[in-house]
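The values are calculated or read from the model by the stated rules, or taken from the named source; none is laboratory data. These figures come from a predicted structure and were not determined experimentally. Here the Cβ positions follow ideal geometry from the backbone for every residue, glycine too, while neighbour counts run over all protein chains shown. Protein only, heavy atoms only, side chains kept; ligands, DNA and RNA dropped before computing areas. Shrake-Rupley method; radii C 1.70, N 1.55, O 1.52, S 1.80 Å.
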Amino acid sequence: MSNLPLSVLDLVPVVEHGTSAQAMARAITLAKAADELDYRRYWVAEHHNMPAVASTSPPVIIAALGAHTQRIRVGSGGVMLPNHAPYVVAEQFAALEALYPGRVDLGIGRAPGTDQRTAAALRRDPDGLNVHDFPQHVLEVMSWLGDNRLENPQSAHLAATPVAEGTPEVWLLGSSGYSAQLAGMLGVRYCYAHHFGQMDEVEVMEAYRSRFEPSATLPEPYAMVCTSVITAGTEEQAQYLAGPSKVMALALRTNKLGPIVSPETAAAQEFSPLDEAMLSQLPATKFLGTPETVKPQLQALVERTGVQELMVTATTFDVQTRVDTLRDVAAMGLQTS
């Protein structure tokens, strides 16, 4: 057994009466805390046209996070590849790797990260950038970043950057077995979105490992699970701080989106029996409570999935709640086999 590496996922949340500028500042604060607490990587997601999410352009935010941290890896969790030309993604992350050598992760996702109308607005050629072409586009990105397994005729004439000294670490992300199997077939790292995924996490990891084929960059499977965690000094306080995540989870299901509300606003909201039933099926925060109660639950998740790394995220109103949670999780001393 050894200490389990820990990482962070951030959606750069916008709170009620707050601004995008304030959301960005809080992301930098959280990244600095994760860096100081020896977390391994800090990822930002890609979402569009959502009142509660300022994380619309991962490469831009990653550049800022890299400039304000010292050692932690910075990256995307993930870039939603159907929204972008593969060559553009390769250029962006090659530039980030040049800025922060050995510290950049390129996590790639298959979903659009938004509604269909916004997805159409993002794409210059809707027919040329669809999810059915996802495996081919992943391979194209990898080829421009130096992975030569794909015979890409364009690679002979195009370069993502003139003189690369290194390449980003490539991951596939997903909430289903599709990306898990594709990650295995391509021999790349895989992260399962346990914080909102509805598949059995053990089955997903088995799908990844059973299809894994060693590659030049990864001889053995390497998996991470991302889940949501909020800790506090008492169970009651943790429930109170998690109130905004319940409101956000229900807003997503009912398409009544808005900024992240305060715990006070959330506590004043009445939840119907139907609301409670939905939250019981897919909790807004998967692990919630004191560090003493959360630790064995997280350890059990790590052991049954057999992952090499754990990523944590949370929907909270204030950044200090997340900083405190990161500190608590770091102090748990979680173990991996």
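By accessible area, using a 1.4 Å probe on protein heavy atoms only, the chain has 54% of its surface on carbon and sulfur. Accessible surface area normalised per residue over the stretch 64-119 is 36 Å², counting heavy atoms of protein chains with a 1.4 Å rolling probe. Each distinct pair of alpha carbons in the stretch 6-52 adds a 1/r term; the inverse of their mean, the Kirkwood radius, is 11.4 Å. Using Cβ point charges alone (K and R +1, D and E -1), the dipole size of the stretch 1-83 about the Cα centre works out to roughly 200 debye. Reported value for the stretch 269-337: 107 Å³ per residue, from the convex hull of its C-alpha atoms. Give me the percent of Cα-Cα pairs in the stretch 1-148 that sit more than 21 Å apart, rounded to a whole number. Above the 21 Å cut-off, the stretch 1-148 has 46 percent of its Cα pairs.
Across the chain, the longest run free of exposed loop sites, meaning GluC sites (Glu not before Pro) lying outside DSSP classes H, G, I, E and B with no more than 16 other Cβ atoms within 10 Å, spans 17-150.
For the stretch 226-289, the direction-averaged projected area of the alpha-carbon convex hull comes to 4.5 nm².
Between the alpha-carbon centres of the stretch 1-49 and the stretch 199-261 there is a gap of 14 Å.
With a cut-off of 13 Å between beta carbons, the residues surrounding Gln269 carry a summed charge of -3, where Lys and Arg count +1 and Asp and Glu -1. Here the chain is assigned +1 on the Cβ of each Lys and Arg and -1 on the Cβ of each Asp and Glu. Its dipole about the Cα centre then comes out at about 260 debye.
Ignoring lysines fewer than eight residues from Lys295 along the same chain, the ones with Cα atoms less than 25 angstrom from its Cα are Lys32, Lys246, Lys286. Per-residue ellipticity at 222 nm from helix content only, as computed over the chain with -39500 (n - 2.57) for each DSSP H run of at least four residues, stands at -12500 deg cm²/dmol. Kirkwood radius and radius of gyration were both taken over the C-alpha atoms of the stretch 211-337, and their ratio Rg/Rh is 1.04. Per residue, the accessible area of the stretch 167-259 comes to 42 Å², computed with a 1.4 Å probe over protein heavy atoms only. Per residue, the Cα convex hull of the chain amounts to 133 Å³. Both numbers refer to the Cα atoms of the stretch 1-80; Rg and Dmax are 12.7, 46 Å. Projecting the Cα atoms of Leu96, Thr305, Gly174 onto the charge dipole of the chain (Cβ charges, centred on the Cα centre) puts Leu96 farthest toward the positive pole. Under Stokes-Einstein, with the Kirkwood radius over Cα pairs as Rh, the value for the stretch 184-262 at 10 °C and 1.306 mPa s is 104 µm²/s.
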